[in-house]
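Visitor: Please see the structure below; I have some questions.
The values are calculated or read from the model by the stated rules, or taken from the named source; none is laboratory data. A quick note: this is a predicted structure, and the numbers were derived from the prediction, not measured. Glycine gets a Cβ as well: all are built from the backbone with ideal geometry, and neighbour counts include every protein chain shown.
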Amino acid sequence: MTTADGKKKLVGRHKRVAFMDATGDGKNFTRMTGFTSMSDGKNATEYSRQYVDEASERSDVVGYAPSVDYEFDLYTNDPVQARIAEITDDELIGSDTQVTIVTVDLFDEKQVENTCTARKRDWNVIPDTEGGDGTDALIYKGSFKASGNITKGTATTTDGWETCTFAAE
C-alpha cells in the first residue's frame with residue numbers, strides 16, 4: 001500500500017475484517033468480533049515435475065483447499081458467535097454447517113466513501129473444541145473450510161463497519 005505522496009505504509013491486521021451472514025438473508029453481513037485468531041491458509045495444490053533436460057524441478061499451482069482457523073471468546077448477544085456455537089454445540093452436519101463470509105480490506109477504500117474491496121465465499125464450519133484451557137472465558141476453536149469459489153466485489157457500510165452489504169463486480 002502506498003500513500004498519496006507515494007510512500008509505503010504498513011497495513012495492520014485490523015484493516016482486514018470479516019463479516020458473516022448470521023441471519024441467512026444473504027444481504028446483510030455482521031462484523032465478526034471477539035475472535036482472537038483468524039488465520040487464512042491457502043493450502044495450494046501443486047503439480048511438480050522434473051524434465052530430463054533440466055537440473056531443477058518445476059512446480060505449478062493447480063488448485064487450492066482454503067481454510068481459516070478460528071478461535072473466539074464467546075460473548076452473549078453476538079449473532080455471529082451464536083451461529084457458530086449452535087453448529088458446534090448441536091453437532092450440526094451437512095449443509096446446516098454452511099455460512100457465508102465477506103472479507104473486507106479496509107485499507108483499500110474505493111472512490112465512494114465507506115466502500116472497500118471485498119471477497120465473499122461460502123464456508124463450512126468445522127468445529128474443533130469448546131471450553132478453553134483456563135477459567136477466564138468460554139472459548140470455541142475450529143476451522144472454516146471453503147465450500148465454493150470467491151466472488152470479488154465491494155462492501156459498503158452505513159454504520160461504521162459494524163455491518164455491511166456486498167455487491168459483486
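Visitor: Six or more apart or on different chains, Cβ under 6 Å: which pairs go from a residue in the stretch 16-35 that's polar (S, T, N, Q) to one that's at pLDDT below 95? Could you list them?
Guide: Once the first residue is polar (S, T, N, Q) and sits in the stretch 16-35, its partners that are at pLDDT below 95 give Thr30/Ala22.
Visitor: Restricting to the stretch 153-169, name every residue that is in a strand (DSSP E or B), closer than 18 Å to Arg31 by Cα and not hydroxyl-bearing (Ser, Thr, Tyr).
Guide: Let us first name the residues in the stretch 153-169 that are in a strand (DSSP E or B), namely 153-156, 163-168.
In the following step, the residues that additionally are closer than 18 Å to Arg31 by Cα were identified as 153-156, 163-167.
Result: Gly153, Ala155, Cys164, Phe166, Ala167.
Visitor: Look at Ser39 and say whether it is closer than 25 Å to Gly153 by Cα and at pLDDT below 95.
Guide: Numbers: closer than 25 Å to Gly153 by Cα: yes; at pLDDT below 95: yes.
Judged against the criteria, Ser39 is a match.
Visitor: Another question, if that's okay. Considering only the stretch 125-153, how many residues are more than 19 Å from Ala82 (Cα to Cα), touching a strand residue (DSSP E or B) at 6+ places or on another chain (Cβ under 9 Å) and either at pLDDT 95 or above or small (Gly, Ala, Ser) (or both)?
Guide: Within the stretch 125-153, residues that are more than 19 Å from Ala82 (Cα to Cα), touching a strand residue (DSSP E or B) at 6+ places or on another chain (Cβ under 9 Å) and either at pLDDT 95 or above or small (Gly, Ala, Ser) (or both) number 8.
Visitor: Here is a further query. With the requirement that a residue be touching a Ser or Thr at 6+ places or on another chain (Cβ under 6 Å), of a type outside the set (Val, Ile, Thr) and under 15 Å from Met20 (Cα atoms), what does the stretch 124-157 give you?
Guide: Answer for the stretch 124-157, where residues must be touching a Ser or Thr at 6+ places or on another chain (Cβ under 6 Å), of a type outside the set (Val, Ile, Thr) and under 15 Å from Met20 (Cα atoms): Asn124, Ser143, Lys145.
Visitor: Right, here's the next one. Taking the stretch 38-68 as the search range and keeping residues that are among the basic types (Lys, Arg) and part of a strand (DSSP E or B), which one is surrounded by the most Cβ atoms within 10 Å (Cβ to Cβ)?
Guide: Arg58
Visitor: Give just the number: which of (1) surrounded by fewer than 16 Cβ atoms within 10 Å (Cβ to Cβ); (2) outside any strand (DSSP E or B); (3) in contact (Cβ under 8 Å) with a residue 60 or more places away in the chain does Val80 not satisfy?
Guide: (1)
Visitor: If you check every pair at least six apart or on different chains, which have Cβ atoms under 9 Å apart with a residue in the stretch 100-118 that is closer than 28 Å to Ser143 by Cα first and a residue that is among the acidic types (Asp, Glu) and in a loop (DSSP other than H, G, I, E, B) second?
Guide: Filtered contacts from the stretch 100-118: Thr100/Asp21; Ile101/Asp21; Val102/Asp21.
Visitor: With respect to Phe19, is the statement that it is in contact with a Gly (Cβ under 9 Å, 6 or more places away or on another chain), surrounded by 10 or more Cβ atoms within 10 Å (Cβ to Cβ), of a type outside the set (Ser, Thr, Tyr) and not in a helix (DSSP H, G or I) true?
Guide: So Phe19 does not fit the description; no.
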